[in-house]
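Every number in this text was worked out from the coordinates using simple rules, so none of it is lab data. The structure displayed is predicted, hence computed values, not measured ones. Note: ideal-geometry Cβ built from the backbone for every residue, glycine included; neighbour counts use all protein chains shown.
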Amino acid sequence: MAVGYWREVLSDGLAVPRDRPLDELTAELTGMLGSPDPEQRDGIAYPALSTWVERGVYDDLLPGLGDGMATGLRVGLGETGTDTVFRRSWSVLVLAAVLARDTQHRLLTGDQVLRWGDEIATWFLRERDLRGWVPGHGWAHALAHGADAIGAVAGSPHLQAPELTVLLDVLADRLVTTEQLLTSGEPDRMAQATLTLLRRDLVPLKVLEPWIARLAAHAHPFGSPDAGDPYLRSGNCQAYLRALHLQLVLAPHPPHTRADLLLVVVQALRATNASYLR
């Protein structure tokens, strides 16, 4: 269908059109998620799908919709610099909306949520196209959208302390293994996902302390000159720890562990920024 058709849908407040079957509309929007045209992708497809999920249009169809979005995570996985990143990145954002809908209304089984959580984590660690803003095409932003999805998974009542601990490790693995400096707010989005997880108040401090220590070990900008640019090597973990500190201090509804965890994060920041604190 022409973009003009969807512009009319938008102007009508995203009411579901009655002139075509929902499955046909959904298939077309899903294809548009992978478009390099930002109007089609984040101007039409994502707002329509996420709004319809939020309004309950897909409540009886959530398993199928979620499976379709999870399939999108595998399209072109491993490629860099190609347009396939848009399908992966925007599919995971719709999947996050599906998970959030279930958290509010309990429409899915635990097995479905855990399976999608595993697929999101696997894709998040394997994604190689880390572009943020792509000139002429708008946001790719795969790791930021992936962090949002991890936050949606973490907010699900189907996950308990063991599964939440795995998600913490996924975030840490992504930070310490990424060799490209993330400059489009991805560490902030990862910290936001972490705060969603921490608000569950299920992961004890004895688990969080060594997890922070691992990040701090990779956030130190000083070391052997033979190891390459130290700020490139340490920048992502350092940015994440600073973002986590900021959000722990200022974000509403802090976790019960905030006071103790802040002490741990401040200690990590002090150790990795010692030369600035003399």
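Quick notes
- Helix-only mean residue ellipticity at 222 nm for the chain, each DSSP H run of n ≥ 4 adding -39500 (n - 2.57), per residue, nearest 500: -20000 deg cm²/dmol
- For segment 206-278 versus segment 113-133, the spacing of their alpha-carbon centroids is 23 Å.
- Among 111-122, 137-148, the peptide with the highest mean count of other Cβ atoms within 10 Å heads the list, and the full ranking is 137-148, 111-122.
- The chain: radius of gyration over Cα atoms, expressed as a fraction of 2.2 N^0.38 Å: 1.06
- Debye intensity ratio in log₁₀ form over the Cα atoms of segment 1-159, taken at each q of 0.11, 0.12, 0.17, 0.19 Å⁻¹: -0.40, -0.48, -0.96, -1.17
- Geometric extent, Cα atoms of segment 161-278 - Rg, Dmax (angstrom): 13.9, 44
- Long-range amide H partners of W139 with built H, under 5 Å: V134
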